[in-house]
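The values are calculated or read from the model by the stated rules, or taken from the named source; none is laboratory data. Please read these numbers as outputs of a predicted model, since none were measured by experiment. Cβ sites come from the backbone with ideal geometry, for glycine too, and all protein chains shown count toward neighbours.
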Amino acid sequence: MAGKMSAPGHGGGKRGRLDVTADPNVIPFIDVMLVLLIIFMIAAPIASVDIDVSLPTSKIIPSKRPPKPTWVSLTDKGAGIAVYVMNDQVAMEGVGDAVYEAVNTNTPSLGGDDFEILDQRIYVRADANTRYKNVMRVMNRLQDRGFTKIALVAEDRRR
């Protein structure tokens, strides 16, 4: 325990005795912590082992990279709707075939497999002033061609 020292005649307790305080003595605690810190600083480099170990090979097939996304964009021009597949403008009636060709050329790993081509996600984005019925027409053309995974893209205005 720690004690208080006071000069005689300054009310330092009964007849020169030291007062007992309940404050913990943290000096030994700090000493122990410093010793532990030094021990861990010495032991940490020893824990890294430079032993060559031959690990078994994995039997898991690595996943393929996702295919390049295919975009269908709609803009409402004064004369009518302009539809773009990737960067090429196409007619409304030819949207499905153009998307099929774009997916087939963007992902040569599919190897022309109809099921895998039609299973790809198609992203549709339109101008804010484009009427919803025109977006639905494009989505219907894609569905008629066999594409069922169609995603609508919106602008994130939170930034």
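Kindly establish whether residue 113 is among the acidic types (Asp, Glu), at pLDDT 90 or above and closer than 20 Å to residue 146 by Cα.
no
Answer yes or no as to whether residue 94 is of a type outside the set (Val, Ile, Thr) and at positive phi.
Here the answer is no, as residue 94 does not meet what is asked.
Test each condition in (1) exposed (fewer than 10 other Cβ atoms within 10 Å of the Cβ); (2) at pLDDT below 85 for residue 42 and report the one that comes out false.
Here residue 42 meets the rest and fails (2).
Hey, does region 122-131 have a residue that's within 26 Å of the chain's Cα centre (by Cα) and aromatic (Phe, Trp, Tyr)?
yes
Could you pull out the residue among 114, 76, 144 that is farther than 24 Å from residue 64 by Cβ and exposed (fewer than 14 other Cβ atoms within 10 Å of the Cβ)?
Exactly one of 114, 76, 144 is farther than 24 Å from residue 64 by Cβ and exposed (fewer than 14 other Cβ atoms within 10 Å of the Cβ), namely 144.
Scan region 82-104 for residues that are assigned to a helix (DSSP H, G or I), free of Cβ contacts under 8 Å to residues at least 40 places away in the same chain and within 29 Å of the chain's Cα centre (by Cα) and jot them down.
102, 103, 104
Could you say whether any residue in region 60-70 is at pLDDT 85 or above and closer than 30 Å to residue 124 by Cα?
For region 60-70, residues at pLDDT 85 or above and closer than 30 Å to residue 124 by Cα: present.
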